[in-house]
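To start, the structure under review is shown below, and the notes come after it.
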Amino acid sequence: MKKILTVWLISTSILSSFAQSGYKDILNWGKVDVFKDDFVDNRNKWYLYNNEYKTNGRIENGYYFLQVLDSVSKIIRHEILINPNSDFEIEASIKFVKGNDNAFIGMCWSRKDVKNYYLFGFSGNGYYRVNKLINDEWVPILKWVKSPLVKTKDYNKLTIRKVDNTYCFFLNEELVHSMPYEPLMGNWMGFEAPDSTIIYTDYWNVKTLICPQPSISWISPQTVEQSQLEEYIVKAKITSLKTISNLLLFVNDFPVPASKDDLVKIENDYYFQKKVALNSGNNSIVLKVSNGGEMVNSKPAIIAYGSVSNTSSNQIGISKTVANQNIIPNTQPAISIQSDVDIDIPVNPSNPKRFALVIGNEDYSSYQKNLGAESNVRYAINDATAFKMYAQKVLGLEERNIFFLTNATAGTMNQKIELVTKIISKMNGMAELFFYYAGHGFPDEETRMPYLIPVDVNIININQGIKLSDLYEKLNSCGAKRVSVILDACFSGGGREGGLVSARGVRIKPREDEAVGNIVVFTACSGEQSSLPFSEKGHGMFTYYFLKKLKDCKGKVSYKDMFDYLKENVSIESLRTNYKEQDPQLNSSPNLQKSWEGWVFAP
């Protein structure tokens with residue numbers, strides 16, 4: 001084993017944030033055996049003693065004994081047919097007994113011939129790797145990794161799982177690697193043992209995986225709803241353990257243009273919204289989705305427009321009572337007031353080297369008994385949810401590269417900041433980072449140093465919050481080539497109606513922390529002002545105009561033009577709507593001089 005790379009399991013924890021992180025993520029999935037062998041007998045006709053092949057194989061005590069007598073490694077294989085369009089899992093349990101502990105032991109799959117196949121396995125001295133042979137040339141996928149996960153004196157469970165378009169590799173039920181699925185080259189699979197070595201195989205299983213069907217719940221409307229407008233924005237939540245592959249929308253049994261592009265994914269949930277035209281009377285809205293299996297229909301959502309008789313709802317086959325019973329209440333944060341920036345969001349090409357941490361802290365009163373509802377930050381979750389949509393669609397971030405938090409505690413915020421910066425530190429200076437925060441800010445009364453306030457942090461113990469200068473240092477030290485910080489918060493202190501309030505801040509003038517490194521910071525207001533809501537739009541004033549400019553320009557706007565736009569529009573609209581001044585600010589690192597002015601938001 002040459003050029004062995006020693007990397008401990010910190011790499012595993014980073015990989016897990018990109019794909020299925022848990023071996024048990026598919027616990028509730030259906031599984032159909034394609035091939036199963038527990039080695040109680042040799043019904044599958046594995047190699048036994050073969051003098052010509054220089055191997056000694058036998059079935060004994062519920063495992064397959066394999067001894068390689070040659071000076072080269074051997075692959076023992078079977079032809080096992082898998083539907084390449086299905087999700088599947090290949091799993092084996094293999095033990096190194098004695099012999100060459102410095103060479104590959106493990107699984108072979110997708111084998112076409114002696115010159116084309118894949119390998120996933122371990123060595124007897126505690127390493128694992130993923131590799132492939134293409135046209136008789138080795139192509140490393142994952143080089144040798146030293147890991148305490150490898151059991152040198154016991155069985156190692158090796159699992160190869162294909163879900164959607166992703167391969168995931170588990171070693172003893174821990175994710176060690178993920179990568180895009182590559183089409184099968186052939187149907188042969190089996191296991192490999194090195195020269196002069198004995199291994200035991202406890203079982204070899206191949207299964208087709210069947211994902212549970214998605215579920216659909218209406219966010220708006222939740223009941224039979226009356227609309228005064230001819231157009232209505234319907235919103236739904238789709239819960240699915242797999243990617244949604246197909247989506248159809250029907251209004252009064254007529255199809256309405258809709259697609260997967262209308263979805264925004266947050267964890268295992270997809271949020272759908274679409275503007276539909278209504279007919280006079282009752283309108284029945286049905287959403288149909290699939291995650292690779294049969295289409296699943298939502299319960300009809302009923303929207304009444306214009307004059308509706310008391311019995312007209314029965315004409316479309318559903319009563320108001322039945323409609324109410326069929327609605328599943330939404331318990332997740334969602335955009336409650338629809339504005340122009342929440343629909344018809346443009347889509348740009350993706351950039352896999354862009355990352356974002358998006359935080360919306362709204363509900364402080366549920367975490368701190370001494371605070372009332374007036375201390376919450378109105379629309380903060382709306383703001384964060386909408387920014388996530390724009391990050392994915394306009395800024396070109398891949399969904400797996402967006403880390404999204406709502407009502408985040410200090411522990412959660414610190415953990416996610418640590419995780420995101422650690423991932424970016426592995427990107428060799430090629431990554432870009434967006435940090436968005438909507439919520440409370442507060443200054444230390446003695447030092448006037450500004451802090452971001454997690455929902456569980458009382459301002460009496462403000463040092464438990466996220467110190468802004470420390471945050472800037474952390475974001476800068478990760479090595480990103482560009483860091484953009486967007487803060488819809490103020491840091492002047494606590495205001496009307498006592499304590500922290502919906503006007504996001506208080507009245508102590510904070511110190512101004514200078515950005516460092518490659519950081520540019522957009523903030524919602526100056527030090528003595530409050531970051532205010534735009535109630536008509538259901539967003540913070542600053543966030544609304546930030547998103548509006550991204551939408552109108554499809555992201556093709558420079559940082560300077562964005563700042564000029566925010567200064568003009570936010571300051572005017574705040575006076576017009578809230579009768580208070582709010583002047584956005586920009587803080588750039590001196591290292592950048594004026595180079596930041598030409599940065600562009602679009603990928």
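Values quoted throughout were computed directly from the atomic coordinates according to the rules given, and no laboratory measurement underlies them. Everything numeric here is computed off the predicted structure, so don't read it as measured data. Neighbour counts run over all protein chains shown; Cβ positions are idealised from the backbone, glycine included.
The table for this structure:
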| item | result |
| --- | --- |
| Extended-chain gain in nm, criterion 0.36 nm per residue less alpha-carbon gap, SER86 and ASP195 | 35.7 nm |
| Debye, to nearest 20: dipole size of the stretch 10-210, +1 on Lys, Arg Cβ, -1 on Asp, Glu Cβ | 200 |
| Reported label for calculated Cα Rg over 2.2 N^0.38 Å given [x] 1.15; [y] 1.25; [z] 1.67 | [x] |
| Cα-based shape type of the stretch 91-227, given that a ≥ b ≥ c are square roots of the gyration tensor eigenvalues and the cut on a/c is 1.5 | prolate |
| Length-normalised contact order for the stretch 335-455 - Cα pairs under 8 Å, 6+ apart - percent | 36 |
| Relative contact order of the chain, defined on C-alpha pairs under 8 angstrom at six or more residues apart (%) | 10 |
| Partners for LYS207 among aspartates and glutamates (Cα-Cα distance below 13 Å; same-chain residues under 8 apart left out) | ASP33, ASP37, ASP87, GLU89, GLU91 |
| Extension reserve of the TYR181-LEU229 stretch, reckoned as 0.36 nm per residue once the Cα distance is removed | 12.6 nm |
| Mean Cβ neighbour count within 10 Å, used as a protection proxy, ranking 215-224, 136-145, 564-573, 447-456 highest first | 447-456, 215-224, 564-573, 136-145 |
| Cross-link pairs LYS235/LYS353; LYS274/LYS299; LYS24/LYS288 - those with Cα-Cα distance over 25 Å | LYS235/LYS353; LYS24/LYS288 |
| Estimated [θ] at 222 nm from DSSP helical runs (n ≥ 4, -39500 (n - 2.57)) normalised by residues in the chain, nearest 500 | -4500 deg cm²/dmol |
| Aspartates and glutamates whose Cα lies under 13 Å from that of LYS551, excluding same-chain neighbours fewer than 8 positions away | ASP340, ASP342, ASP344 |
| Gain in span if fully extended, THR239 to ARG400, counting 0.36 nm per residue against the direct Cα distance | 56.3 nm |
| Relative packing of peptides 530-538, 230-238, 39-47, 108-116 - highest average C-beta neighbours within 10 Å first | 530-538, 230-238, 108-116, 39-47 |
| Principal axes of the stretch 178-291: Cα extent on each, largest first, Å | 81, 25, 21 |
| Residues GLU418 and ASP564, FRET efficiency given R0 of 22 Å [Cβ-Cβ distance, rounded to 0.05] | 0.05 |
| Spacing of the two label points (7 Å from each Cα toward its C-beta) at ASN125 and ILE75, in nm | 2.5 |
| Proximal aspartates and glutamates relative to LYS474, as straight alpha-carbon distance under 16 Å, when same-chain residues fewer than 8 apart are discounted | GLU418, GLU432, ASP513, GLU514 |
| Peptides 156-166, 357-367 ordered by average Cβ neighbours within 10 Å, highest first | 357-367, 156-166 |
